[in-house]
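Worksheet: one structure, shown below.
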Amino acid sequence: MKQFGSYLADTLAKDNQIPEEQQAVYAYLFDYLIESLLYDVIVLIIGMIFHHTGATVCYLLVTIPLRHFAGGFHANTRLGCTILSYGIYLLTVFPSSFLVSLIRPAWLWITLYILSWAFILPVAPVDTKNKRLSVEQKKKLFHQCITTCIIMSILVLILWITHRKLYYGTITICMLESVISVYIGIWKNRRNL
């Protein structure tokens, strides 16, 4: 069965709205956008069904920009990516309230949050063997990563001031996962896996 992105790119190429030689690129981009949007909507629905909407929103606020601007680990297959993405979501959001209750002092969560950025920013963005980034692309993504850091830090500060420990704790857990993803991505690049 043909992916929807391929169908859309075929239609646009037949109507001469995109060049035929770029049809595969458009098909990939359409599929990527559709899959990303579908994933975000599905995890939001799962969060709402199981009464984890706030933690799910925190998860999405971290993972959407960081997977784009910071890069990191990429599975070798679409199925592997799907299983890993949903697995990480479930392992993050569902035990987040329990994990946040284990670590009582708020300063420890804030320290872990700051350390996460301290590990991500010096190496971001991380490219993959299938998508090498030019110096200009890396510079642009790095600036977007800095902007994300500033915005997210303001949000965490507001959550900390308003005593929303579950939410800034969940954001911190997601940041720690992003650190792991970024460094696995670097390791895979060095091993050429």
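Points worth noting:
- Cross-chain or 6+ apart pairs with Cβ under 8 Å, segment 137-155 first and of a type in the set (D, E, K, R) and assigned to a helix (DSSP H, G or I), then open to solvent by less than 40 Å² (accessible area, probe 1.4 Å) and modelled with pLDDT under 95: Lys138/Pro125; Lys138/Asp127
- Counted residues, segment 116-132 - those being surrounded by 13 or more Cβ atoms within 10 Å (Cβ to Cβ), in a helix (DSSP H, G or I) and either free of Cβ contacts under 8 Å to residues at least 60 places away in the same chain or on the phi > 0 side of the Ramachandran plot (or both): 1
- Residues located in segment 159-193, provided they are more than 17 Å from the chain's Cα centre (by Cα) and open to solvent by 90 Å² or more (accessible area, probe 1.4 Å): Trp160, Ile161, His163, Arg164, Trp187, Arg190, Arg191, Asn192
- Val135 fulfils the conditions (1) open to solvent by 70 Å² or more (accessible area, probe 1.4 Å); (2) of a type in the set (Val, Ile, Thr); (3) under 18 Å from Leu61 (Cβ atoms) except for a single criterion, (3).
- Residue pairs whose Cβ atoms lie under 9 Å apart, sitting 6 or more positions apart in sequence or on different chains, and linking a residue in segment 84-110 that is within 18 Å of Asp40 (Cβ to Cβ) to a partner that is open to solvent by 50 Å² or more (accessible area, probe 1.4 Å) and among the aromatic types (Phe, Trp, Tyr), are Leu84/Phe73; Val93/Phe50; Phe94/Phe50.
- Across segment 98-115, a minimum of one residue is classified as closer than 18 Å to Ile184 by Cα and outside any loop (DSSP other than H, G, I, E, B).
- Restricting segment 104-115 to residues that are of a type outside the set (S, T, N, Q) and surrounded by fewer than 16 Cβ atoms within 10 Å (Cβ to Cβ) leaves a set whose member that is farthest from His163 (Cα to Cα) is Leu115.
- Qualifying residue in segment 67-81 (condition: at pLDDT 90 or above and surrounded by 15 or more Cβ atoms within 10 Å (Cβ to Cβ)): no
- Any hit, segment 21-43, residues being assigned to a loop (DSSP other than H, G, I, E, B) and not hydroxyl-bearing (Ser, Thr, Tyr): no
Per-residue answers, yes or no, for (1) farther than 16 Å from Ser85 by Cβ; (2) in contact with a Cys (Cβ under 7 Å, 6 or more places away or on another chain); (3) aliphatic (A, V, I, L, M); (4) surrounded by 18 or more Cβ atoms within 10 Å (Cβ to Cβ):
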residue: Glu20; (1), (2), (3), (4): yes, no, no, no
residue: Ala24; (1), (2), (3), (4): yes, no, yes, no
residue: Leu37; (1), (2), (3), (4): no, no, yes, no
residue: Asp40; (1), (2), (3), (4): no, no, no, no
residue: Val43; (1), (2), (3), (4): no, no, yes, yes
residue: Ile46; (1), (2), (3), (4): no, no, yes, no
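The values are calculated or read from the model by the stated rules, or taken from the named source; none is laboratory data. Worth saying up front: this structure is predicted, and the values here are computed from it rather than measured. Note that each Cβ is placed from the backbone with ideal geometry, even for glycine, and that neighbours are counted across all protein chains shown. Protein only, heavy atoms only, side chains kept; ligands, DNA and RNA dropped before computing areas. Shrake-Rupley method; radii C 1.70, N 1.55, O 1.52, S 1.80 Å.
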